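Data first, discussion second: the structure below is written as structure tokens.
The values are calculated or read from the model by the stated rules, or taken from the named source; none is laboratory data. These figures come from a predicted structure and were not determined experimentally. Please note: Cβ atoms are built from the backbone with ideal geometry, for glycine as well, and neighbour counts cover all protein chains shown. The area values use the complete protein model at the heavy-atom level, side chains included, leaving out ligands, DNA and RNA. Shrake-Rupley method; radii C 1.70, N 1.55, O 1.52, S 1.80 Å.
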Amino acid sequence: MSLQMVSTVSNSSLLQPGFSLLNFDGHVFFFGQKGWPKRSCPTGVFLLDIKKNELKMKPVLFSKDSCYLPPLRYPALCTLRSDAGADEYQYIIHGGKTPNNELSDKIYFMSLVSKTSKKITFQCIEKDLGGDVPEARYGHTINVVHSRGKSMSVLFGGRTLAPLAQRTTEKWNSVVDCFPSVFLIDFEFGCCTSYILPELQDGLSFHVSIARDDTIYILGGHSLQNNTRSPNLYKLKVDLPLGSPAVTCTILPGGISVSSAIVTQISDTEFVLVGGYHSDNQKRLACNTIVVEDDKIEIVESVSPEWTPDIKHCRMWFGCDMGKGSVLLGLPGANKQVIPDANYFYILRCKGPEEDKEEELITQICSQTSSEDPEDSAPFEDSEEFCFSAEASSFDADNADTYNEDDEEDESETGYWITCCASCNIDINTWVPFYSTELNKPAMILCSSGAGHWVHAQCMDLSETVLLRLSEANVKYFCNKHVDLNRGLQTPQKVVCLKKPPMKPLHKKKTMKLSTSTKKSILRRLFE
């Protein structure tokens, strides 16, 4: 084993506990940032570009027929192949935590669509399931088993939100162990079946699972109810005959009491167990080699790498399997980094020196196209919520896409991703939900001009209140372009009212008051 520190990491604050790594054709992709993605990378998926011990993150695109994938931390994921020996595969992603601390019960399929020297495109599809659908959860595992020429996925463990009756305002996000049921998922027919096995009494989360053919081995894990880490080693065997499937469980000796450990595969039958915790405050620095052959499993302690003082003395660590016998380990930055929220990372290679050299040569060959770029991707700025604040202009100018007939994609304007007006800025690769009612697609409204056409509500600058009012009321709507043409039909012409000048009030005649002596003098003159 060899331990190597990644000296410079761009956007390291995005890599927080709970992230996941996907390996496609030797390239490692990051998923599950802490915080909602911004327009600089709306997919939330990045290529981890490692050159000269420097880790850079390059955004990845989604195809136009992809669904919206929220950043999920602590999900369950595994690879799915058409058969056990197939080269092409896709990733299954189930559950996990959203940045709002909500738990997901959805399941997604992630596959690589195209890869060029300057652009990588994934396809993400959400699958609908029926039957005994697993509840929303995180910290669980999912594996694929093969039996009698058929394949099924097996889901187990995790934590979920406490029942509403047990939650208070102060502990609204409190979680409990999921019921220890085993779920068989048939993706061909989209159905789930749950099994209750007497050997599985306590719920487990953050455990380790290894699948081979029709068998899954479950190791370690933490139980919230008992606050213990299980020392048991469970063996799940799945039989897929023509009729109903059969699931059996056996408790084997030789388990390890550990949680949050990482497993990486170094050969067809050999795995390495790294990291984890013995207890809440005690890390597990020992490593184990796990050999799975035929119908048996063997766990032996192996030589650990020379851990650095930082790793030995830190309270917590986290990481994920990079594939091909490598593990990415992260430590809290504390006072080591200029940015307090930033973390620093090590790469642990579990293969021998000769295998490491061969792997390094393969990696160099695979990354030759990307190393031809004259400059590396520019780093992005991160907000306090570990979100991107840079725009798409933060990309390297040298990495800008140039026209290539092989890279041309279908630009037909159909469905929700049309150009509704001259100022339309809705694009599948940059769109994020704007209204609370939006999930996977932008909200649209019908303009009643002529034969009618659809426009995006966001492009029309409609507030959410107005949008809801228009959707509920039976009234015609005209977009910004046609509202002037139809204003005469919608509003009657304004009638100018004549203003009459106010009438002046009549003045009273003025009367003079005469004294008594004056009156007498006047009367004398009249009678003289």
Within the range 40-70, residues touching a strand residue (DSSP E or B) at 6+ places or on another chain (Cβ under 8 Å), more than 22 Å from Glu126 (Cα to Cα) and of a type in the set (D, E, K, R) come out as Asp49, Glu54, Lys56, Lys58
Take the residues in the range 165-186 that are of a type in the set (Val, Ile, Thr) and part of a strand (DSSP E or B); name whichever of them is farthest from Phe206 (Cα to Cα).
Ile185
Would you please name the residue that is least open to solvent (accessible area, probe 1.4 Å), looking only at residues in the range 298-330 that are closer than 30 Å to Cys249 by Cα and either touching a helix residue (DSSP H, G or I) at 6+ places or on another chain (Cβ under 9 Å) or outside any strand (DSSP E or B) (or both)?
Gly325
Quick check: anything in the range 51-74 in contact with a Gly (Cβ under 6 Å, 6 or more places away or on another chain) and either β-branched (Val, Ile, Thr) or not in a loop (DSSP other than H, G, I, E, B) (or both)?
yes
State which residue is farthest from the chain's Cα centre (by Cα) when the search covers only the range 204-224 and only residues that are open to solvent by 10 Å² or more (accessible area, probe 1.4 Å) and among the small types (Gly, Ala, Ser).
Ala211
In the set Tyr435, Tyr477, Tyr416, the lone residue that is within 23 Å of Phe62 (Cβ to Cβ), modelled with pLDDT of 65 or more, in contact with a helix residue (DSSP H, G or I) (Cβ under 7 Å, 6 or more places away or on another chain) and not β-branched (Val, Ile, Thr) is Tyr435
Under the condition of being open to solvent by 20 Å² or more (accessible area, probe 1.4 Å) and outside any strand (DSSP E or B), which residue from the range 87-97 is modelled with the lowest pLDDT?
Asp87
Identify the residue in the range 16-61 that is over 20 Å from Tyr346 (Cβ atoms) and β-branched (Val, Ile, Thr) and, among all such residues, is surrounded by the most Cβ atoms within 10 Å (Cβ to Cβ).
Val45
Out of the residues in the range 98-120 that are polar (S, T, N, Q) and open to solvent by 30 Å² or more (accessible area, probe 1.4 Å), which is modelled with the lowest pLDDT?
Ser117
If a residue must be surrounded by fewer than 16 Cβ atoms within 10 Å (Cβ to Cβ) and under 16 Å from Asp268 (Cα atoms), how many such residues does the range 278-295 contain?
4
Filtering the range 122-145 for residues that are in a strand (DSSP E or B) and surrounded by 19 or more Cβ atoms within 10 Å (Cβ to Cβ) leaves a count of 8
Failed item in (1) over 25 Å from the mean Cα position of the chain (by Cα); (2) modelled with pLDDT of 95 or more, with Phe183 passing the rest:
(1)
Can you list the strands (runs of 3 or more DSSP E) lying wholly within the range 216-297 that have 1 or more residues being among the basic types (Lys, Arg) and touching a residue at least 24 places away in the same chain (Cβ under 8 Å)?
233-239
